[in-house]
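Engineer: Before I ask anything, here is the structure I am working with.
Just so it is clear, none of the values below were taken in a lab; they were calculated from the coordinates. Source: prediction; values computed, not measured. Glycine gets a Cβ as well: all are built from the backbone with ideal geometry, and neighbour counts include every protein chain shown.
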Amino acid sequence: QVQLVESGGGLVQAGGSLRLSCAASGSIFSLNAMGWYRQAPGKQRELVATITNTGSTNYGDSVKGRFTISRDNAKNTVYLQMNSLKPEDTAVYYCQATMSIFHFWGQGTQVTVSS
């Protein structure tokens, strides 16, 4: 079993920045993709960004150019640097990790952007 613990969420004004972290622990032998998804009230969960264990990245259209995903394989940790935040970025952000055929999710961290 793999546990994911997110940190770094909070309240920020529009135009500001936040950095999310997600550390994986437990029975880890090889993590493949790691990433971030978000869910706003009344909306479906959507892709924010993913990164493979070789560093290939993919971003949702709404965050391209503003958010940057990175990972430290030695620490089994993935990061999300969020710049130029907008009120519409307000959501619960979930960390996700893939190991073999299994997908694991964190509990989520709230990000609130005030206008």
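Engineer: What is the P(r) of the stretch 66-115, as percent of Cα-Cα pairs per 10 Å bin from 0?
Structural biologist: Values per bin, smallest distances first: 21, 47, 26, 6, 0.
Engineer: What FRET efficiency comes out for SER30 versus GLN107 if R0 is 25 angstrom and r is the Cβ-Cβ distance? Round to the nearest 0.05.
Structural biologist: E between SER30 and GLN107, to the nearest 0.05, is 0.60.
Engineer: Which aspartates and glutamates have a Cα lying under 19 Å from the Cα of LYS86, excluding residues fewer than 8 positions away in the same chain?
Structural biologist: Straight-line reach from LYS86, under 19 Å: GLU46, ASP61.
Engineer: What trypsin sites (Lys or Arg not before Pro) does the stretch 15-44 have in DSSP loop regions with at most 12 other beta carbons within 10 Å?
Structural biologist: LYS43
Engineer: Still on this model: What lysines does LYS75 reach when the alpha-carbon gap must be under 28 Å and sequence neighbours fewer than 8 apart in one chain are set aside?
Structural biologist: By straight Cα distance, LYS75 reaches LYS64.
Engineer: Another one. Once you charge only the Cβ atoms, +1 for Lys and Arg and -1 for Asp and Glu, what is the size of the charge dipole of the chain about its Cα centre, to the nearest 20 debye?
Structural biologist: Values: 9 positive and 6 negative charges, 14 e Å.
That gives a dipole near 60 debye.
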